[in-house]
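Notes follow the structure.
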Amino acid sequence: MAHITASVYTSHVPAIGAALDLGKSGEPYWQKVFAGYEFSKQWLRENTPDVIFLVYNDHANAFSLDLIPTFAIGCAAEFPIADEGWGPRPVPAVKGHPELAAHIAQSVIQDDFDLTIANRMPVDHGLTVPLSLMCGQPPADKFEWPCPVIPFAVNVVQYPVPSGRRCFNLGHAIRKAVESFDAPLKVQVWGTGGMSHQLQGPRAGLINREFDQTFLDRLIADPVDLARMPHIDYVREAGSEGIELVMWLIARGAMSDTLPRVAHRFYHVPASNTAVGHLILENT
Ligand code: DHB
Ligand code: FE
């Protein structure tokens, strides 16, 4: 059977993608960000899974106000890189895993979570920046991502957005689905977005280091309690875009119920307007 080996959590700041794509990753400002991922790139080389189930949010690129799926699972064989207004990032298209994705859709929908099936979905910085951070940035034409990726898009852009509790329980359903797939696949679940940031309104620029560090502590040690935190606490404490953090609870809910091993923890401010947080948790 397939099983979940580890989960990865990381912010997805679009300027990180731009720094990589424009050859600025060596600049002192960006070095401090990328330094936190040196361990992670080595770890991923040593622990390459067969499939990454990547929880992220679309930023009005694949979807728009015309159509707002709360949860959309990418079931295609390939996902093109979205053009977010200045051309697609020069990174390889993302190869999917249609068989596992279809199995997860079947299992999770039967477990009462209403997923939207996405058979055509361009993927934006929410998905490609975490991949770049973890896999590095060789040229698009000479490189493939290290394994297939199942994109799982969560609406955290347009209210109403799903609660942390629902996301955590959805993680449990995803774990059950993976563990009932009849092939010996090693699967990682990645939760992306966050940490504290607000891009708009009078509080634009808000960062809350204390909230972020406590969130990391609780995500590791007591996710059941963390999952009870209501929206308004995310918005008040972590800013309007801090709500992206509910996606980390999907990945955490997909992990075993026993305490995970913390393989890596990193936190840095600033990167663009955002606090960058990063964790690697291994099932023991
Ligand atoms: C920024 C952060 C985000 O999460 C995002 O989606 C867009 C911009 C920023 O820091 O500028
Ligand atoms: Fe974002």
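The values are calculated or read from the model by the stated rules, or taken from the named source; none is laboratory data. Note that the coordinates shown come from a computational prediction; the quantities given were computed from them, not determined experimentally. Glycine also receives a Cβ, built like all others from the backbone with ideal geometry; neighbour counts cover every protein chain displayed.
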Flag for residue 146 being under 17 Å from the mean Cα position of the chain (by Cα) and away from ligand 1 (no atom under 16 Å from the Cβ): yes
Residues of the range 45-65 being within 22 Å of residue 244 (Cβ to Cβ), more than 16 Å from ligand 1 (Cβ to nearest atom) and surrounded by fewer than 23 Cβ atoms within 10 Å (Cβ to Cβ), in sequence order, are 65
Scanning for something more than 24 Å from residue 64 (Cα to Cα), under 12 Å from the mean Cα position of the chain (by Cα) and not polar (S, T, N, Q), does the range 198-217 turn up at least one residue? no
Candidates 124, 111, filtered to the one that is within 16 Å of ligand 2 (Cβ to nearest atom) and either free of Cβ contacts under 8 Å to residues at least 40 places away in the same chain or not β-branched (Val, Ile, Thr) (or both): 124
Do you know which residues across the range 124-164 are surrounded by fewer than 18 Cβ atoms within 10 Å (Cβ to Cβ) and assigned to a helix (DSSP H, G or I)? 140, 141, 142
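Quick one: which of 171, 193 is on the phi < 0 side of the Ramachandran plot and either at pLDDT 95 or above or within 16 Å of ligand 2 (Cβ to nearest atom) (or both)? Outline the logic, then answer.
Numbers: 193 fails: on the phi < 0 side of the Ramachandran plot.
Unique residue meeting the criteria: 171.
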Which residues, counting only those in the range 38-70, are part of a helix (DSSP H, G or I) and either under 24 Å from residue 253 (Cβ atoms) or over 17 Å from the mean Cα position of the chain (by Cα) (or both)? 38, 39, 40, 42, 43, 44, 45, 46
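For the range 212-278, give me every one of the helices (runs of 4 or more DSSP H) that falls completely inside it and has 1 or more residues that are among the aliphatic types (A, V, I, L, M) and surrounded by 24 or more Cβ atoms within 10 Å (Cβ to Cβ). Show your work before the answer.
Numbers: elements: 223-226, 231-238, 246-253.
By residue number, 231-238, 246-253.
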Those residues that are part of a helix (DSSP H, G or I) and surrounded by 14 or more Cβ atoms within 10 Å (Cβ to Cβ), I need them from the range 19-37; list them, please. 19, 20, 21, 30, 32, 33, 34, 36, 37
Conditions first: (1) more than 15 Å from ligand 2 (Cβ to nearest atom); (2) at positive phi. Residue 239 passes all but one, so which condition is the exception? (1)
Of all residues in the range 82-98, how many are more than 16 Å from ligand 2 (Cβ to nearest atom) and touching a residue at least 40 places away in the same chain (Cβ under 8 Å)? 7
State which residue pairs qualify: first residue within 16 Å of ligand 2 (Cβ to nearest atom) and inside the range 40-60, second residue acidic (Asp, Glu) in any location, beta carbons under 7 Å apart, and separation of 6 or more residues or different chains. 57/244; 58/124; 59/124
